[in-house]
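See structure below.
The values are calculated or read from the model by the stated rules, or taken from the named source; none is laboratory data. Note that this is a predicted model, so its numbers are computed, not measured. FYI the Cβ positions are ideal-geometry reconstructions off the backbone, even for glycines, and counts take in every protein chain you see.
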Amino acid sequence: MSYKKLVRDNIPDIIKENGEEPVFRVLSDKEFLVELKKKLLEESNEVINSSDDEMLSELGDLLEVMISLAKVHNISLDDIIISSSEKRDKRGSFTKKIYLEDVKKINK
């Protein structure tokens, strides 16, 4: 079976433990960045399509990709949390469930 995607570090060992032979390579830094961004989309879609029971696991996968992507850019999880907090202070959160449908010009 062909996968052609970024996987977690222990996946080749898990495949071997299951009596199969993984075929893989280590990506260059440039390839890694590209594949991390693809993985971010993959994991985001899995969150979107997950059931309530799967949500925690899928959010954990998404966070792991975010942490790895941040690390490539020398950004820590603390940096992300601070940035999120600053944006929340300026623009708010999503607690009010506001759904913007349109913006109309006001004639002066």
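Restrict the check to the stretch 84-97 and report whether at least one residue is modelled with pLDDT of 95 or more, surrounded by 10 or more Cβ atoms within 10 Å (Cβ to Cβ) and under 17 Å from the mean Cα position of the chain (by Cα).
Yes, some residue in the stretch 84-97 is modelled with pLDDT of 95 or more, surrounded by 10 or more Cβ atoms within 10 Å (Cβ to Cβ) and under 17 Å from the mean Cα position of the chain (by Cα).
Taking the conditions exactly as written (touching a residue at least 40 places away in the same chain (Cβ under 8 Å) and surrounded by 12 or more Cβ atoms within 10 Å (Cβ to Cβ)), does GLU64 satisfy them or not?
Taking the combined requirement at face value, the residue satisfies it.
Quick check on the stretch 53-60. Is at least one of its residues among the aliphatic types (A, V, I, L, M) and either over 15 Å from the mean Cα position of the chain (by Cα) or farther than 24 Å from SER93 by Cα (or both)?
No, the stretch 53-60 contains no residue that is among the aliphatic types (A, V, I, L, M) and either over 15 Å from the mean Cα position of the chain (by Cα) or farther than 24 Å from SER93 by Cα (or both).
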